[in-house]
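Some notes on the structure that comes next.
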Amino acid sequence: MSENNKSCSEGCSKESCEGCSHNKESLIEKTHEFNSIKKVIGVVSGKGGVGKSIVTSMLAVLMNRKGYKSAVLDADITGPSIPRIFGIKEKAQGSEIGLFPAKSKTDIGIMSVNLLLENDTDPVVWRGPIIAGTVKQFWTDVLWGDVDYMFIDMPPGTGDVPLTVFQSIPVDGIIIVTSPQELVSMIVEKAVKMAQMMDIPILGLVENMSYFKCPDCGKEISIFGESHVEQIAADNNITNIAKLPINPKIAAACDKGAIELFEGNWLDVLADKLETMLESEN
């Protein structure tokens, strides 16, 4: 455990316990009084463009198929894509008691800044504190109701929003999304070290665009280079690994807003891991 994770002493100052577990607990925000959210899973990446939002959406769909109530909090405020992936076009509605999430075709709750903008293509040109405050409000002010698994689609990197989420929301664990390039292993370690600093368990590692399977001969072709996911996982003591191939059907499903119809067992190992988290409490 990082030095910053040590429990602070009674006489520590605000500055000296900035990252300690005592300080973290004191910053946790309560969700809306009408909500009951059992497990919160952050989906993170060290860099953009690795398919984090697709993985978030597929995991929400898989847990929904298992009979659990799932929801997606889109914390990627400046680059939201979750509503498009699920085919949600209507705007979020609210009342005097809070904001209602949109619902997908299979009843997955969705909240994203794109559900609040007049036009989907309007840019969000906000400074960091406002963006972080918006993410917090998605947790505290949205009427999610009963949720078994909430997935938070994080923006890439280790900046304001991931820090706000880890400090303000009781995250039960994270899943890191990466791609095969060797350079990415260094960036993954940044995400791993941030999670360790914040005392957040790492539940699994997904290598997206891992390979392309030839539809004619079935051969797996490593378009972006050989996989390093096993080595990265071993170096960081991550036990659950999934490889997501380059699959035109997945891309087409996202473009059509039909991710709930995807077929494939690539992420089943992670869905099974998530299921054990609730089963262990029963």
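The values are calculated or read from the model by the stated rules, or taken from the named source; none is laboratory data. Computed from a predicted model, the values in this text were never measured in an experiment. Methodologically, a virtual Cβ is constructed for each residue, glycine included, from the backbone with ideal geometry; neighbour enumeration extends over all protein chains shown.
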Note on the range 64-84: residues aliphatic (A, V, I, L, M) and not in a loop (DSSP other than H, G, I, E, B) are Ala71, Val72, Leu73, Ile82
Practice task
Can you confirm whether the range 92-104 contains a residue that is within 21 Å of Val43 (Cα to Cα), in contact with a helix residue (DSSP H, G or I) (Cβ under 9 Å, 6 or more places away or on another chain) and surrounded by fewer than 17 Cβ atoms within 10 Å (Cβ to Cβ)?
Solution key: no
Residue hits (the range 31-60; touching a Leu at 6+ places or on another chain (Cβ under 9 Å) and either closer than 24 Å to Asn265 by Cα or not basic (Lys, Arg) (or both)) are His32, Phe34, Asn35, Lys39, Val40, Ile41, Val43, Gly51, Ile54, Val55, Met58, Leu59
Restricting the range 146-200 to residues that are of a type in the set (Ser, Thr, Tyr) and within 16 Å of Asp235 (Cβ to Cβ), the one modelled with the lowest pLDDT turns out to be Ser185
Note on Ser179: of the conditions (1) of a type outside the set (A, V, I, L, M, F, W, C); (2) crowded, with 20+ Cβ neighbours inside 10 Å; (3) in contact with a helix residue (DSSP H, G or I) (Cβ under 8 Å, 6 or more places away or on another chain), unmet is (3)
| request: For Ile200, state whether it is free of Cβ contacts under 8 Å to residues at least 12 places away in the same chain, of a type outside the set (D, E, K, R), on the phi < 0 side of the Ramachandran plot and touching a strand residue (DSSP E or B) at 6+ places or on another chain (Cβ under 6 Å). | output: no
Reported set for the range 109-158 where residues are out of contact with any strand residue (DSSP E or B) (no Cβ under 6 Å at 6 or more places or on another chain) and touching a residue at least 60 places away in the same chain (Cβ under 8 Å) is Val135, Lys136, Trp139, Thr140, Gly145, Pro155, Pro156, Gly157, Thr158
A careful count of residues in the range 117-161 that are at positive phi and more than 15 Å from the chain's Cα centre (by Cα) gives 1
Note on Ile88: of the conditions (1) crowded, with 18+ Cβ neighbours inside 10 Å; (2) within 19 Å of Ser53 (Cα to Cα); (3) touching a helix residue (DSSP H, G or I) at 6+ places or on another chain (Cβ under 6 Å), unmet is (3)
The residue that is surrounded by the fewest Cβ atoms within 10 Å (Cβ to Cβ), considering only those in the range 48-85 that are of a type in the set (D, E, K, R) and over 17 Å from Trp139 (Cα atoms), is Arg65
Cβ pairs under 7 Å, 6+ apart or interchain, first in the range 260-272 and free of Cβ contacts under 8 Å to residues at least 24 places away in the same chain, second surrounded by 12 or more Cβ atoms within 10 Å (Cβ to Cβ), ordered by first then second residue, are Leu261/Ala253
Taking the range 203-252 and keeping residues touching a residue at least 40 places away in the same chain (Cβ under 8 Å) and small (Gly, Ala, Ser) leaves Gly204, Ser222, Gly225, Ser227
